[in-house]
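> The structure that follows is given in the form of structure tokens.
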Amino acid sequence: MIDLTNDTALNSAMERICSKIGDMGLKYYIETYGCQMNEHDSEKIAGMLVKCGYTKADSKQDADFILFNTCCVREHAELRTFGNVGFIKELKQLNPRLILGVCGCMMQQKDVADKLYKRFPFVDLIFGTHELKNFPFMLEKVLDNERIINISEMNGEVIEGLPVERTPGFSTFVNIMYGCNNFCTYCIVPYVRGRERSRRAEDVVNEVREVVALGYKEVTLLGQNVNSYYSDGVNFPKLLEMVNSVPGLTRLRFMTSHPKDLSDELIEAMAKLDKVGKHIHLPVQSGSDEILRRMNRRYTASQYLELVSKLRSKVKDVEITTDIIVGFPGETEEDFEATCDIVRKVGYSNAYTFAYSPREGTIAAKMPDQIAQEVKKQRLNKLNAVLAETIPCGNKKYIGFEGDILIEGVDHRAEPLLFGKLSNFKMVYVQGDEKLIGTMVHVKVDGLRFNSLFGHITD
């Protein structure tokens with residue numbers, strides 16, 4: 001663990017940059033792709049930029065520093081990133097002092113970073129996922145007209161004390177761990193984020209206290225697999241208990257949970273802790289035991305269904321969301337039908353579905369029996385059709401249901417409606433005053449609205 005809270009060198013670098021840019025009024029713009037981990041990394045980079053004297057720009061056109069924080073998980077991610085980077089060339093011609101940077105998971109793949117560095121000579125700064133702590137030092141060199149590419153092959157450390165410029169609102173993220181040890185055969189994350197490292201429990205709790213003091217009411221604890229969190233004798237259920245006791249915190253969420261590590265202790269914690277949301281994101285990925293084996297998921301469909309049964313018997317009103325991949329190498333029609341079958345049995349409240357796409361550097365990318373794109377597309381459409389039937393059916397039980405929602409905002413697409421989520425993550429739309437945003441209100445559900453619920457405030 002490295003604590004940079006009072007790091008003299010880091011603070012001096014930010015002070016020097018602040019002095020260098022003086023009253024120039026420089027602005028930054030960060031575009032983030034991918035998961036909540038990337039979003040939180042961007043908040044840390046923004047925090048350092050603010051310490052360096054930058055302010056946030058409303059658009060790329062207004063910025064003097066543009067950073068793309070990349071993801072390499074989704075299909076066509078490289079094409080999208082390269083296309084967006086190419087667009088900035090024109091902006092650099094209009095604004096000679098504009099600095100362009102690219103970071104994140106994609107840049108941790110050295111071959112991709114090298115290709116981008118060579119193809120786009122106007123990119124000033126490229127760095128990987130383990131170099132966040134060195135950002136001010138790199139920026140200082142770029143301001144002195146150096147061109148930087150910095151990719152570290154280490155697994156990374158747990159870094160504490162970096163400044164954070166959080167997204168305004170009532171809800172925010174707190175990382176509890178970094179990296180992943182699971183090595184699912186389709187996933188690039190362990191190669192670009194490194195092996196698992198857990199933060200100290202007291203550091204997590206202190207950060208939650210800090211964000212609550214700033215006015216945030218809901219915190220989501222982040223990790224590639226929060227279930228495997230462990231630090232100095234504190235496991236994840238114990239950490240939830242510690243965070244749950246923070247005064248002023250209204251709601252506590254977490255993601256993501258790997259089924260193989262979902263313990264009875266965690267289920268009990270979800271059931272008894274009053275601030276912990278009664279929702280779990282539990283990626284199943286496939287309903288076929290053979291495909292799960294090929295994915296290296298280390299559970300079977302029956303074991304997954306047993307976890308679902310435990311959750312529903314112990315955690316009142318629990319809702320489950322999931323991730324599903326279709327068209328994995330070797331997937332037969334029988335395997336695919338097993339996935340549709342588990343979707344019907346579980347009754348997810350939402351699902352993120354994907355057609356498998358190979359990621360260079362993963363085991364699955366080299367597997368035989370790759371599925372044709374047209375077949376993957378057909379299966380994805382069929383799976384989504386199954387979900388379109390099962391999700392609304394699961395919503396019908398909520399008619400007449402009463403509970404508390406945390407108002408998140410206003411939907412202006414038609415009649416203005418406030419919206420917020422129940423503890424179990426079900427979205428409810430209600431009429432009401434915009435002044436209620438960020439507050440908890442009691443509602444009664446009257447009917448269904450698309451894949452969500454519609455109701456009225458009762459207090």
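> If you roll a 1.4 Å probe over segment 416-456 with all protein chains in place, what percent of the accessible area is carbon or sulfur?
The nonpolar share, carbon plus sulfur, comes to 59 percent.
> Separate question: In whole percent, and with a 1.4 Å probe on the protein chains, what portion of the accessible area of segment 71-181 is carbon and sulfur?
Whole-percent figure for carbon plus sulfur exposure: 51.
> Right, next: Dipole of segment 41-200, Cα-centred, from +1 at each Lys and Arg C-beta and -1 at each Asp and Glu C-beta, to the nearest 20 debye?
Computed charge dipole of segment 41-200: roughly 140 debye.
> Continuing with the same structure: Per residue, how much accessible area does segment 361-459 have with a 1.4 Å probe, in Å²?
Accessible surface, normalised per residue, equals 54 Å².
> Just check segment 1-146 against the gyration tensor rule for me: Cα atoms, a ≥ b ≥ c as the square roots of the eigenvalues, rounded for a/c under 1.5, and otherwise prolate or oblate depending on whether a/b exceeds b/c.
Cα axes put segment 1-146 in the oblate bin.
> Below 8 Å, C-alpha to C-alpha, sequence gap of six or more: please give me the relative contact order for segment 302-459 in percent.
19 percent
> Which entries in the list LYS110/LYS133; LYS56/LYS421; LYS217/LYS435; LYS396/LYS421; LYS89/LYS133 go over 21 Å, if you measure between the two C-alpha atoms of each?
LYS56/LYS421; LYS89/LYS133
> Using the Cα centre of segment 135-291 as the reference point, and only Cβ charges (+1 on K/R, -1 on D/E), how large is the resulting charge dipole? Debye, rounded to the nearest 20.
It works out to roughly 380 debye.
> Hey, another quick one. Divide by every residue of the chain the summed helix terms, -39500 (n - 2.57) for each DSSP H run of at least 4, and state the resulting mean residue ellipticity at 222 nm, rounded to the nearest 500 deg cm²/dmol.
After summing the helix terms and dividing by residue count, I get -11000 deg cm²/dmol.
> Ignoring ligands, DNA and RNA, what percent of the 1.4 Å accessible area of segment 242-378 is carbon and sulfur?
Exposed carbon and sulfur together represent 50 percent of the surface.
> Report, for the chain, the % of DSSP beta bridges that are antiparallel, rounded to 5.
Once the DSSP bridges in the chain are tallied, antiparallel ones form about 35 percent.
> Also, quick follow-up: Report, in debye and to the nearest 20, how large the dipole of segment 331-420 comes out about its Cα centre when Lys and Arg carry +1 and Asp and Glu carry -1 on their Cβ.
Dipole of segment 331-420, to the nearest 20 debye: 100 debye.
> When a/c reaches 1.5 or more, the comparison of a/b and b/c decides; with that in mind, is segment 283-359 rounded, prolate or oblate per its Cα gyration tensor?
prolate
> Next up: Nearest 5 percent is fine: what portion of the DSSP beta bridges confined to segment 405-459 is antiparallel?
90 percent
> Here's a follow-up. Please work out the average accessible area per residue across segment 52-173, using the 1.4 Å probe convention, and give it in Å².
45 Å²
> Name the long-range amide H neighbours of LEU4: under 5 Å, sequence gap of 5 or more, or other chain; modelled H, no Pro or chain starts.
Long-range HN contacts for LEU4: GLU160, GLY161, LEU162.
> Over 23 Å between Cα atoms, which of LYS20/LYS141; LYS310/LYS382; LYS20/LYS51; LYS20/LYS118 qualify?
LYS310/LYS382; LYS20/LYS118
> Would you please state which residues of segment 251-292 a label at ASP341 would reach in this model, taking the label point 7 Å out along Cα→Cβ and a backbone N cut-off of under 13 Å?
Of the residues in segment 251-292, 287-291 have backbone N under 13 Å from the label point off ASP341.
> List the residues whose amide H sits under 5 Å from the amide H of ARG449, counting only those 5 or more places along or on another chain, with H placed 1.01 Å from N in the peptide plane.
It is PHE454, by chain and number.
The values are calculated or read from the model by the stated rules, or taken from the named source; none is laboratory data. A quick note: this is a predicted structure, and the numbers were derived from the prediction, not measured. Please note: Cβ atoms are built from the backbone with ideal geometry, for glycine as well, and neighbour counts cover all protein chains shown. In case anyone asks, the SASA skips ligands and DNA or RNA and just uses the protein heavy atoms, side chains included. Shrake-Rupley method; radii C 1.70, N 1.55, O 1.52, S 1.80 Å.
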